[in-house]
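Heads up, the thing below is written out as structure tokens.
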Amino acid sequence: MNILVTGGAGFIGSAVVRLLSEQKTTNVIVVDKLTYAGNLSSIKLDNGLNSCRFYRVDICDENKVLEIMRAECITHVMHLAAESHVDRSIDGPGAFIQTNVVGTFNLLNAALAYWRELPVTMQEQFRFHHISTDEVFGDLPFDEGIFTEETAYDPSSPYSASKAASDHLVRSWHRTYGLPAVVSNCSNNYGPYHYPEKLVPLVILNALHEKELPIYGAGNNVRDWLFVEDHARALQLIVTQGIAGESYNVGGRAERTNLSVVETICELLDAKRPRAGGASYGELIRFVSDRPGHDRRYAVDPTKIERELGWRAQESFSSGISKTIDWYLANEAWWRPIRERSYAGERLGTAGWAKP
């Protein structure tokens, strides 16, 4: 297999690349624009088994992507390239429309042109896998149900709206043009190599720097948490065994409030890296004004992928968050340049406070 991974230097994309690169029967071709969250040190370009080839290309460049597909004889596309942080989408939605909507449109056009050139046997094998988010389903009340593949879309933020639009584009290219496409929607990922603007790595690194640990509102918002390496295994199954035209929800069955997540991180850090003087990291917690349009709860039902593809999350939240903290403690060389040169933990998303 020759698998093209867009956004392969990002958080989830790099986990996919690391997994696929360990397999002798798979050639991995990474396309990434290398925006602020892209990091080549997150992937192994040569792990001794087979090379991972890298192209610094914007997915909006349809002709260049098509050229790469032809040159590399691509059999599967895993589309993970996206702007993904809700707070940044509030401050600057234009980049999310350009990459997530226009970029997906151009990538679909390139994939369709390439697919139509293939022999029939290769057309049947080809898959375009679009990786999306549970945020497209919108706000879920605390005591009401769970997201399934049939849940209606109701996005709340510019980010989730852009991902909803890209999901619809992918499905329409399958239904209208016959492109063999599949969609997956995942819950909140966490784990190694996570750019520290998201809750888990932000709290870990702020704690290590003795900085405040900000929690939006009262910290009651609930998310389902999924260890990124479990997600990567699910994505590999979907792209190779998923049925064209279908969608699959991928969740960790690990709902937690944001406050509970932060408290758990503090308790583990108290044991793994105690503060001077014996103080608890929990004393650094501060409640701050809530994010505009902050959805109360996301909860994903992974029954379909468990039943049809045999996937199960291997990490509980307890084991996964412990491994994540251990990784950040052991890999300062990866995250310190980011904190010092790119993002020091400042709050984002404040533009939404202004009335339109």
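The values are calculated or read from the model by the stated rules, or taken from the named source; none is laboratory data. Being a predicted model, the structure only gives us computed values, none of them experimental. Virtual Cβ from ideal backbone geometry, glycine too; neighbours counted across all protein chains shown.
Overview of values
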read-out	value
Residue within the stretch 67-76 that is at pLDDT 95 or above, out of contact with any strand residue (DSSP E or B) (no Cβ under 7 Å at 6 or more places or on another chain) and within 22 Å of LEU202 (Cβ to Cβ) present	no
Residue satisfying condition, being surrounded by fewer than 21 Cβ atoms within 10 Å (Cβ to Cβ), on the phi < 0 side of the Ramachandran plot and of a type in the set (Phe, Trp, Tyr), within set TYR248, TYR216	TYR216
Selection within the stretch 148-184 - in a loop (DSSP other than H, G, I, E, B), in contact (Cβ under 8 Å) with a residue 60 or more places away in the chain and of a type outside the set (Val, Ile, Thr)	GLU149, SER156, SER157, LEU179, PRO180
Test: GLY320 is surrounded by 12 or more Cβ atoms within 10 Å (Cβ to Cβ) and either within 30 Å of ALA244 (Cα to Cα) or in contact with a Gly (Cβ under 9 Å, 6 or more places away or on another chain) (or both)	yes
Enumerated strands (runs of 3 or more DSSP E) restricted to the stretch 185-275, each holding at least 2 residues that are closer than 22 Å to GLY145 by Cα, among the aliphatic types (A, V, I, L, M) and touching a residue at least 12 places away in the same chain (Cβ under 8 Å)	222-227
Count of the stretch 284-319 residues which are outside any loop (DSSP other than H, G, I, E, B), closer than 21 Å to ILE238 by Cα and in contact with a Leu (Cβ under 6 Å, 6 or more places away or on another chain)	1
Pairs, first on the phi > 0 side of the Ramachandran plot and surrounded by fewer than 21 Cβ atoms within 10 Å (Cβ to Cβ) in the stretch 26-42, second at pLDDT 95 or above and of a type in the set (Gly, Ala, Ser), C-beta under 9 Å, six or more apart	LEU34/ALA9
Count of residues meeting criterion [touching a strand residue (DSSP E or B) at 6+ places or on another chain (Cβ under 8 Å) and either of a type in the set (A, V, I, L, M, F, W, C) or part of a strand (DSSP E or B) (or both)] in the stretch 16-31	8
Meets criteria (in a loop (DSSP other than H, G, I, E, B) and loosely packed, with under 12 Cβ neighbours inside 10 Å) for GLU346	yes
Scan of the stretch 51-104 for residues that are aromatic (Phe, Trp, Tyr) and surrounded by fewer than 24 Cβ atoms within 10 Å (Cβ to Cβ), ordered by number	PHE54, TYR55
Index of the failed condition, ASP326 passing every other in (1) touching a residue at least 12 places away in the same chain (Cβ under 8 Å); (2) surrounded by fewer than 16 Cβ atoms within 10 Å (Cβ to Cβ); (3) of a type outside the set (A, V, I, L, M); (4) within 23 Å of HIS130 (Cβ to Cβ)	(4)
Residue in the stretch 251-274 that is farther than 28 Å from ALA344 by Cβ, over 18 Å from the mean Cα position of the chain (by Cα), surrounded by fewer than 20 Cβ atoms within 10 Å (Cβ to Cβ) and of a type in the set (S, T, N, Q) present	no
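Every residue, every condition in (1) closer than 21 Å to HIS85 by Cβ; (2) buried (at least 19 other Cβ atoms within 10 Å of the Cβ); (3) in contact with a Gly (Cβ under 7 Å, 6 or more places away or on another chain), yes or no:
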| residue | (1), (2), (3) |
| --- | --- |
| THR133 | yes, yes, no |
| PHE142 | no, no, no |
| ALA152 | no, no, no |
| SER157 | yes, yes, yes |
| ALA161 | yes, yes, no |
| HIS168 | no, no, no |
| ARG171 | no, no, no |
| HIS174 | no, yes, yes |
